[in-house]
Amino acid sequence: HLLALTNWEIFKEVSVSNEAPRTLQWTNHPITFTWKGKTQTAPTDLDPDVLYQESTFLRNLALIPVGTILKQAREKAGLTQTDVAMNAGTTRNYISRIENGKSDIQLETLHKIVELGLGKELRLEVV
């Protein structure tokens, strides 16, 4: 049943329960269960610690095409992967791996590549 939470449209409807223990809950996605012979329906809920423990670092950043965005910005600036790598203090191979979705990237490293390597400003927005 928790597999449904991998759907962004369902997941983004999360709220925090008002009762202890405070859990993340999805009232729009109820679960039906039987306990002690009685069938009940309740919102899907999840302990935040469990969500964190079961989460994985975004591999290949499939939801956010960082590599594609970096490559387009690099090409628009007329820079080679080597140019960006030298400016950012990293390797051409690493830039290539990011652009091709073969390597994870931390936000600090992304900031360094954009600001130093591309000479651009990095802006992130949570809407």
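Observations
- Taking a ≥ b ≥ c as the square roots of the eigenvalues of the alpha-carbon gyration tensor, segment 63-121 is classed rounded because a/c is under 1.5.
- For the chain: accessible area per residue (Å², 1.4 Å): 75 Å²
- Helix content alone sets the calculated 222 nm mean residue ellipticity of the chain: runs of n ≥ 4 DSSP H residues at -39500 (n - 2.57) each, divided across all residues, give -9000 deg cm²/dmol.
- Convex hull volume of the Cα atoms of the chain, normalised per residue: 137 Å³.
- Distance between segment 99-126 and segment 1-50 - C-alpha centres, whole angstrom: 35 Å
- Carbon + sulfur, % of accessible area of the chain - ligands and nucleic acids excluded, 1.4 Å: 53 percent
- For segment 89-127, applying the loop criterion from DSSP together with a ceiling of 12 other beta carbons within 10 Å to the GluC sites (Glu not before Pro) yields GLU121, GLU125.
- Relative contact order [Cα under 8 Å, 6+ residues apart], segment 80-127, whole percent: 37 percent
- Rounded tilt (10° steps) of 66-76 against the dominant C-alpha axis of the chain: 30 degrees
- Qualifying trypsin sites (Lys or Arg not before Pro) in segment 74-124, DSSP loop, other Cβ atoms within 10 Å at most 15: LYS102, LYS120, ARG123
The values are calculated or read from the model by the stated rules, or taken from the named source; none is laboratory data. These numbers were taken from a predicted model, which means no experiment stands behind them. For neighbour counting, all protein chains shown are included, and Cβ atoms are generated from backbone atoms with ideal geometry for every residue, glycine included. Just so you know, the surface numbers come from the protein's heavy atoms only, side chains and all, with ligands and any DNA or RNA stripped out. Shrake-Rupley method; radii C 1.70, N 1.55, O 1.52, S 1.80 Å.
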